[in-house]
2 protein chains.
Amino acid sequence: MTDVRRRVSLCCVATSPLLADLRAALGDDAVLTDPDLLRMHERDEADLCASATPLVVVRPRTTEEVSAVVRAAARHGAPLVPQGARTGLAGAANSVADAVVLSTVAMDRILEIDPVSRIAVVQPGVVNATLAGAVRREGLYYPPDPGSWESSTIGGNVSTNAGGMCCVKYGVTTEYVLGLEVVLASGEVLRTGRRTAKGVAGYDLTRLFVGSEGTLGVVTEVTVALRPAPEESLTLVAVFDSTAEAGAAVAQIAAKGLAPSLLELLDRTHLRAIEAYRPMGLRTDAQALLLAAVDTGSRAADDLARIAEVCEAAGADEVYAASDAVEAAALLQARRMAHPAMERFAAEAYPGGNGGLIIDDVAVPRGSLAALLDGVARVAAECGVPIGVVGHAGDGNMHPNIVVDRADPASLERGRRAFDEIMRLGLELGGTCTGEHGVGLLKRDWLAREIGPVGVRVHQAIKAALDPEGLFNPGKVL
Amino acid sequence: MTDVRRRVSLCCVATSPLLADLRAALGDDAVLTDPDLLRMHERDEADLCASATPLVVVRPRTTEEVSAVVRAAARHGAPLVPQGARTGLAGAANSVADAVVLSTVAMDRILEIDPVSRIAVVQPGVVNATLAGAVRREGLYYPPDPGSWESSTIGGNVSTNAGGMCCVKYGVTTEYVLGLEVVLASGEVLRTGRRTAKGVAGYDLTRLFVGSEGTLGVVTEVTVALRPAPEESLTLVAVFDSTAEAGAAVAQIAAKGLAPSLLELLDRTHLRAIEAYRPMGLRTDAQALLLAAVDTGSRAADDLARIAEVCEAAGADEVYAASDAVEAAALLQARRMAHPAMERFAAEAYPGGNGGLIIDDVAVPRGSLAALLDGVARVAAECGVPIGVVGHAGDGNMHPNIVVDRADPASLERGRRAFDEIMRLGLELGGTCTGEHGVGLLKRDWLAREIGPVGVRVHQAIKAALDPEGLFNPGKVL
């Protein structure tokens with residue numbers, strides 16, 4: 001940061017009544033106008049989404065300060081964009097021009113962990129891994145584990161209704177959100193939900209805000225339900241010569257009433273990308289690999305054997321159990337590396353490191369998983385783009401990752417076409433355009449197709465009821 | 001039904017343009033104006049709630065017919081009250097004057113059961129027990145099991161977000177609702193949610209409608225998630241000399257990370273009422289009885305032993321396991337008889353069978369259960385009314401049942417005061433005014449206290465956004 005920049009920044013401050021109001025309410029240190037910082041807060045991790053440098057980034061520390069920011073933005077007619085760790089994959093956290101970006105990172109306190117009532121109360125800026133670790137030390141378990149769990153915040157997880165690998169058995173973020181504190185467009189503070197295991201007092205406003213991607217209010221406190229710590233898990237790998245066989249195995253695992261705590265699929269593209277990124281001894285000649293785990297205690301060995309049988313019957317080329325917890329952890333680590341490994345693979349696929357990924361996210365009913373995998377392969381061939389597939393097979397939630405050359409408009413165009421074809425296929429199979437990444441900017445058109453004109457009008461009516469001036473995160477979702 | 005009545009009814013039909021429109025849309029057999037039938041559809045099972053005879057009861061068979069009914073009611077400015085089996089306990093299904101009561105009982109088809117994707121699609125009039133039985137025959141499990149499960153409908157369960165005994169392990173209705181078809185106030189048909197295990201496309205409208213008690217639209221189709229069939233369960237009884245000890249045992253069971261599939265509490269009043277209603281050999285000298293079950297397969301015996309240890313450590317007078325499935329079923333049956341047994345007990349407690357029950361429903365964080373039980377005993381003493389307590393102890397969700405003499409205004413007044421004191425106590429303990437029965441007419445004031453003026457305004461804004469003319473179930477919830 002140079003002196004010149006500092007002077008420019010101070011100069012802006014002096015001339016903007018909005019910035020003056022924000023500084024008066026929050027103090028200078030929580031109101032950031034350094035150009036480097038502003039650029040850093042321009043966008044999340046989604047490709048292909050528009051963004052703009054914000055006017056200012058604020059880091060309130062309390063609900064009262066959030067309320068003051070909202071009132072100031074409303075007074076001056078400035079759009080307000082809430083941000084957590086900006087790890088989102090749909091552009092929902094991208095700034096728009098002249099926006100006040102409200103970062104929740106300074107609201108990072110765990111306020112309470114109650115082992116008897118099995119709840120925790122946290123501020124939105126608490127990192128997922130921090131909460132998961134803190135409750136684990138109390139013998140408890142906060143399941144939602146998005147790929148970004150080591151950096152993403154609970155507030156961001158709530159706003160996107162984040163998923164992860166545990167969901168096949170333990171469900172997504174919304175299953176764990178009991179109550180919220182939210183600052184509304186009026187600056188008023190709304191408390192939703194409860195601290196109790198059950199409750200039906202009034203409309204389920206909690207779940208209306210979960211997954212609303214910052215378009216209805218700013219979440220300032222989250223009460224989550226916790227589970228007892230799960231038992232240790234056993235892990236299995238099944239290697240297939242075709243993705244269709246792997247898909248059929250997943251359907252049979254469900255049909256037989258088995259309940260794995262993890263059921264992930266990696267295709268050959270991802271296996272090769274991971275081996276290139278960090279050699280782990282994965283079978284790169286396989287077309288698909290299923291990674292399954294069970295955490296059913298004394299029954300786990302039996303359940304694992306039944307999953308192995310199903311995989312063999314579905315045509316698996318090789319099935320083996322992890323010999324110990326160290327090997328199981330290494331396999332899980334390999335799965336977790338899929339995203340950075342594919343990023344590297346894509347970058348190196350084109351000259352000058354110009355390769356990029358269009359990360360898709362589609363979910364179909366479990367019974368249609370094999371059809372989805374077949375269809376994605378067909379789309380890749382028809383559109384002439386490499387597509388790797390990885391994801392939460394047990395939930396029917398896959399991430400087709402489309403490799404494009406960012407420097408080549410024709411390649412980008414082919415990638416976008418493949419993206420649209422996959423969305424169309426997902427809906428045709430009775431699925432949804434987003435299983436866990438959200439709508440943001442990336443999938444507004446596909447959301448509209450999925451929910452239809454009546455659904456769009458109901459969304460608009462609710463948005464208008466809660467945010468009549470369109471203050472919060474304009475242009476997202478709808 | 002006399003000829004005179006029939007003539008009166010036909011006469012009304014001839015003179016009401018609304019009835020003429022309804023008959024034109026649905027045919028004569030689905031438009032009921034017989035005075036006996038109208039009176040039968042006046043109210044649900046809640047006491048102390050206002051009701052009025054409807055103008056007409058309609059029984060549409062299709063979504064299109066529901067839409068026609070909604071449009072006709074809107075056109076003629078008649079309030080529309082949706083009804084399922086009228087087993088509700090908060091007056092949410094009570095008719096208002098001149099209402100069109102829309103009964104969903106003729107929409108009673110199970111449209112689909114898919115064992116691989118683990119979903120079922122049903123019309124709203126399907127009875128809970130019918131669905132539960134149908135999926136059980138496919139080796140699957142639909143958990144929500146409200147006390148009324150043998151007669152209440154899925155549509156009613158969705159509208160009230162019904163609970164039950166399974167919730168302590170398996171959650172309430174909303175956890176199982178993946179998607180809905182809803183007829184809106186405009187008569188348009190909205191589809192919410194999805195058929196997939198995961199999905200984050202847009203606002204969670206599904207869960208906005210679940211628990212909205214018919215105030216936002218008429219549910220015409222429900223897509224539910226199913227689970228694999230649970231393993232057989234083992235059952236245990238723990239007898240306590242004080243309710244506080246039983247409450248402490250519940251807290252310790254939670255604190256030790258045990259996950260019973262059932263954890264119910266009956267107090268002495270209920271034990272005696274059940275023994276009087278149908279002798280089962282229950283210990284009527286006990287102050288409280290805990291009924292616990294575990295369905296953790298090969299681990300179940302160990303888990304049951306640990307629950308037994310916790311109960312003994314908390315001071316249980318006697319702990320014993322059911323010797324077989326027959327005894328376990330009998331114990332469950334005893335618990336299920338609590339409601340009719342207390343109705344009988346209350347009726348006989350006052351001359352002329354004039355005794356009645358005010359059935360309350362309060363939930364507190366599990367750690368506060370003992371305090372709630374103590375407090376209810378104090379309220380009973382202070383208000384001078386008998387109060388029996390029964391409920392879902394593992395969820396902190398109790399039903400204090402207040403015994404009153406309906407013929408004695410002073411007794412009714414004392415009962416109402418006790419009801420209010422229990423609500424106040426529940427909120428003071430960090431709880432909610434309704435754990436599973438809903439708001440309806442019975443708890444509108446307490447809902448307003450619980451959610452505060454900001455919460456009320458948000459509720460009103462959402463109601464106005466979806467039902468601007470106040471067509472659906474006027475006067476309920478808000």
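Within the set B:ASN397, B:ASN354, the sole residue that is modelled with pLDDT under 95 and not aliphatic (A, V, I, L, M) turns out to be B:ASN354.
Residues of the range B:367-418 that are under 18 Å from the mean Cα position of the chain (by Cα) and under 30 Å from A:LEU226 (Cβ atoms): B:VAL389, B:VAL390, B:GLY391, B:HIS392, B:ALA393, B:GLY394, B:ASP395, B:GLY396, B:ASN397, B:MET398, B:HIS399, B:PRO400. Residues in the range B:136-154 that are closer than 20 Å to B:THR220 by Cα and either over 12 Å from the mean Cα position of the chain (by Cα) or assigned to a helix (DSSP H, G or I) (or both): B:TYR142, B:ILE154. The lone criterion from (1) crowded, with 21+ Cβ neighbours inside 10 Å; (2) more than 8 Å from chain A (Cβ to nearest Cβ) left unmet by B:LEU447 is number (2). Criterion applied to A:GLY199, A:GLY257, A:GLY281, A:GLY247 was being within 28 Å of B:LEU258 (Cβ to Cβ) and assigned by TED's automatic domain parsing to the domain that holds A:MET398, and the one residue passing it is A:GLY257.
Checking B:ARG272, B:ARG283 one by one, the residue that is part of a loop (DSSP other than H, G, I, E, B), away from chain A (no Cβ under 14 Å), over 22 Å from the mean Cα position of the chain (by Cα) and at negative phi is B:ARG283 and no other.
Note on the range B:93-135: among residues that are within 14 Å of another protein chain (Cβ to nearest Cβ) and of a type in the set (D, E, K, R), the one that is surrounded by the fewest Cβ atoms within 10 Å (Cβ to Cβ) is B:GLU112. Annotation note: of A:ALA381, A:ALA347, A:ALA341, the sole residue that is over 20 Å from A:ALA249 (Cα atoms), in contact with a Gly (Cβ under 9 Å, 6 or more places away or on another chain), away from chain B (no Cβ under 14 Å) and among the hydrophobic types (A, V, I, L, M, F, W, C) is A:ALA347.
The set of residues in the range B:452-478 being β-branched (Val, Ile, Thr) and touching a residue at least 60 places away in the same chain (Cβ under 8 Å) consists of B:ILE462, B:VAL477.
Taking residues in the range B:361-385 that are buried (at least 24 other Cβ atoms within 10 Å of the Cβ), and partners anywhere that are among the β-branched types (Val, Ile, Thr) and modelled with pLDDT under 95, the pairs with Cβ atoms closer than 6 Å and at least 6 places apart or on different chains are B:ARG366/A:VAL116; B:LEU373/B:THR243. Out of B:VAL222, B:VAL182, B:VAL239, one residue alone is at pLDDT 95 or above and closer than 23 Å to B:LEU140 by Cα. It is B:VAL222.
Where helices (runs of 4 or more DSSP H) fall entirely within the range B:155-261, those with at least 1 residues that are in contact with a His (Cβ under 7 Å, 6 or more places away or on another chain), closer than 30 Å to B:THR296 by Cβ and touching a residue at least 24 places away in the same chain (Cβ under 8 Å) are at B:167-170. With respect to being away from chain B (no Cβ under 14 Å) and in a strand (DSSP E or B), A:GLY375 falls outside the description.
Here the condition is being facing chain A (nearest Cβ under 7 Å), of a type in the set (Asp, Glu) and either buried (at least 24 other Cβ atoms within 10 Å of the Cβ) or in contact with a helix residue (DSSP H, G or I) (Cβ under 9 Å, 6 or more places away or on another chain) (or both); of B:GLU150, B:GLU213, B:GLU188, B:GLU221, it holds for B:GLU188 alone.
One line per residue, one yes/no per condition, for (1) part of a strand (DSSP E or B); (2) in contact (Cβ under 8 Å) with a residue 24 or more places away in the chain:
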position: B:GLY388; (1), (2): yes, yes
position: B:ALA418; (1), (2): no, yes
position: B:GLY438; (1), (2): no, yes
position: B:GLU450; (1), (2): no, no
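Among the residues examined, A:ARG414 does not qualify as modelled with pLDDT under 95, more than 10 Å from chain B (Cβ to nearest Cβ) and farther than 14 Å from A:VAL362 by Cα.
Residues in the range A:428-443 that are more than 10 Å from every other protein chain (Cβ to nearest Cβ) and closer than 24 Å to B:ALA197 by Cβ: how many? Result for the range A:428-443: 3. Screening B:GLY388, B:GLY470 for residues that are out of contact with any Ser or Thr (no Cβ under 7 Å at 6 or more places or on another chain) and either aliphatic (A, V, I, L, M) or more than 7 Å from chain A (Cβ to nearest Cβ) (or both) leaves exactly one candidate, B:GLY470. Of the residues making up the range B:73-90, those that are under 18 Å from the mean Cα position of the chain (by Cα), more than 14 Å from every other protein chain (Cβ to nearest Cβ) and of a type outside the set (Lys, Arg) are B:VAL81, B:PRO82, B:GLN83, B:GLY84, B:ALA85, B:THR87.
The values are calculated or read from the model by the stated rules, or taken from the named source; none is laboratory data. Source: prediction; values computed, not measured. Every residue, glycine as well, gets a Cβ built from its backbone with ideal geometry; the counts of neighbours run over all protein chains shown.
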